[in-house]
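Chemist: Below is the structure I would like to discuss, written out as structure tokens.
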């Protein structure tokens, strides 16, 4: 039996396609594509202000995108808030956190 990854049939856990987000005249994300697969380690690198945090906020529903699509397990969906993200198994652990 062929490994799904080598057979090219693996459905990504998350796929962001052409995600765009602006804040007034400031373009934070300009048609960004990102594909995440289960069981793999992913990293997002970029300079300050490159849009990394904005992209993650779109993924977890803290910020709504101006354009683009999100797929979770091959199904197109809209993530409008963190609850939507959580029901799809998506969450975020912040670099600096505190318990209140």
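Chemist: Mind checking which residues of region 76-100 are free of Cβ contacts under 8 Å to residues at least 12 places away in the same chain and either touching a helix residue (DSSP H, G or I) at 6+ places or on another chain (Cβ under 8 Å) or surrounded by 10 or more Cβ atoms within 10 Å (Cβ to Cβ) (or both)? Quick ask: steps written out before the conclusion?
Modeler: Our first condition is that a residue be free of Cβ contacts under 8 Å to residues at least 12 places away in the same chain; within region 76-100, this holds for 76-78, 86-87, 93-100.
Passing the criteria: 76, 77, 78, 86, 87.
Chemist: Turning to a different aspect of this structure: Pull up region 55-64, narrow it to residues that are touching a residue at least 40 places away in the same chain (Cβ under 8 Å) and closer than 26 Å to residue 10 by Cα, then point me to the one that is surrounded by the most Cβ atoms within 10 Å (Cβ to Cβ).
Modeler: The selected residue is 58.
Chemist: Could you check residue 52 against (1) touching a residue at least 12 places away in the same chain (Cβ under 8 Å); (2) within 13 Å of the chain's Cα centre (by Cα) and say which number it fails?
Modeler: (1)
Chemist: Among the candidates 24, 43, which residue alone is out of contact with any strand residue (DSSP E or B) (no Cβ under 6 Å at 6 or more places or on another chain), at pLDDT below 95 and surrounded by fewer than 10 Cβ atoms within 10 Å (Cβ to Cβ)?
Modeler: On inspection, the qualifying residue turns out to be 43.
The values are calculated or read from the model by the stated rules, or taken from the named source; none is laboratory data. Given the structure is predicted, the values throughout are model-derived calculations rather than measurements. Using ideal geometry, Cβ is built from the backbone for each residue, glycine included, and neighbour counts are taken over all protein chains shown.
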